[in-house]
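The values are calculated or read from the model by the stated rules, or taken from the named source; none is laboratory data. These numbers come from a predicted model, not from an experiment. Neighbour counts are summed over all protein chains in view; Cβ atoms, including those assigned to glycine, are modelled from backbone coordinates with ideal geometry. Protein only, heavy atoms only, side chains kept; ligands, DNA and RNA dropped before computing areas. Shrake-Rupley method; radii C 1.70, N 1.55, O 1.52, S 1.80 Å.
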Amino acid sequence: MNWLDKAIAWVSPETGLRRMRARRAGELIRLAYEGARTDRRTGGWITTGNSANAEIAVALSKLRERSRDLIRNNAYAARAVAEVVGNAIGTGITAQARSGEPEVDAQVNAAWAQWMDECDADGQLDFYGLQALVARTVFESGECLVRLRQRRPSDGLAIPLQIQVLEPEHLPVTLNRLADNGNVIRAGIEFDRLGRRVAYHLYRSHPEDGLLAPMSGGGGMETVRVPAAEIVHLFRPLRPGQIRGEPWLARALVK
């Protein structure tokens with residue numbers, strides 16, 4: 001019993017007794033779990049009760065940088081990402097029309113085959129290559145943004161739709177505010193009053209491109225609001241309510 005407990009017990013014995021009972025109950029709970037004890041082994045163990053989003057917000061940028069550096073320079077990390085992508089994607093995941101009408105299936109499959117070669121908005125990869133790129137980005141950076149870009153019929157594509165793969169830096173984790181329409185923006189993602197994702201606020205260019213792609217004109221460090229229906233946000237949630245992903249190497253970086 002410390003001096004405060006003694007003073008309270010002197011003024012109000014009943015209140016003092018309740019405090020003693022509550023403290024004793026807490027001590028019994030801690031003693032029942034070895035991991036909750038404070039002793040020589042756990043004295044320096046610093047913990048927090050923060051949510052997943054609060055923890056990720058302060059650590060995400062550094063985790064990404066170190067994860068990418070490790071994959072560039074460490075053979076084990078490079079092998080790990082190659083194995084994950086190889087096992088998850090392989091030579092590519094495809095689709096086949098099965099309407100039951102051979103002529104319709106043939107037309108759909110032909111259009112699909114042509115679109116797979118034209119689907120990359122950057123004009124570098126086919127559909128299989130984009131799958132591998134997305135899987136690698138999720139492993140390396142913890143998340144990946146896929147934007148569906150509608151095209152004009154005059155663009156001459158088999159299907160007027162292309163896929164743009166974006167690194168997660170396009171979605172600012174530090175953007176947290178109340179939107180003009182009353183929605184809430186958390187880590188760059190806009191939620192309505194029911195907690196549904198309604199939009200993503202994206203940088204037009206990668207914020208760290210520097211002189212290679214200066215952000216000027218209509219870009220700058222301002223963001224553009226993109227409806228959530230046009231964005232596929234891929235990450236592996238590890239806790240309830242988590243809205244941003246963490247690199248898969250986060251637990252192995254120090255080792």
Item to check | Exposure rank, largest accessible area first [Glu246, Glu222; 1.4 Å] | outcome: Glu222, Glu246
Checklist outcome for this item: Residue-ordered couplings for region 93-110, obtained by feeding phi - 60° into the Karplus form 6.51 cos²θ - 1.76 cosθ + 1.60 and rounding to whole Hz (Gly and Pro as x), are 9, 10, 9, 9, 6, 9, 7, x, 10, x, 5, 5, 4, 5, 5, 5, 5, 5
Next on the checklist: With unit charges on the beta carbons (Lys and Arg positive, Asp and Glu negative) and the dipole taken about the Cα centre of region 18-176, which residue among Val84, Gly35, Ala110 sits farthest to the positive side?
Outcome noted: Gly35
Checklist entry - Once the mean 1/r over all distinct Cα pairs of region 130-245 is inverted, what Kirkwood radius in angstroms do you read off? => result 15.4 Å
Checklist outcome for this item: Computed ³J(HN,Hα) along region 58-75: with the Karplus parameters 6.51/-1.76/1.60, θ = phi - 60°, integer Hz and x for glycine or proline, the list is 8, 10, 4, 4, 5, 4, 4, 4, 6, 4, 5, 5, 5, 5, 5, 10, 10, 5
Checklist entry - Under the Karplus relation 6.51 cos²θ - 1.76 cosθ + 1.60, θ = phi - 60°, what is the ordered set of whole-Hz ³J(HN,Hα) values for region 119-130, x standing for Gly and Pro? => result 6, 6, 5, 8, x, 10, 10, 8, 4, 5, x, 5
Checklist entry - Using only the Cα atoms, what convex hull volume per residue in Å³ does the chain have? => result 266 Å³
Next on the checklist: Under 5 Å between amide hydrogens, which residues at least 5 positions from Val184 or on another chain qualify, with H placed 1.01 Å from N in the peptide plane?
Outcome noted: Ala179, Phe191
Checklist entry - Quick one: Debye curve from the C-alpha atoms of region 57-128, no solvent, what's log10 I(q)/I(0) at q = 0.15, 0.23 Å⁻¹? => result -0.75, -1.03
Checklist entry - So how long is each side of region 49-91 along the principal axes, counting just the alpha-carbon atoms, biggest first, in Å? => result 40, 23, 14
Item to check | List Arg147, Arg40, ordered by accessible area with a 1.4 Å probe, largest first | outcome: Arg40, Arg147
Checklist entry - Considering only protein heavy atoms, what per residue accessible area in square angstrom results for the chain with a 1.4 angstrom probe? => result 66 Å²
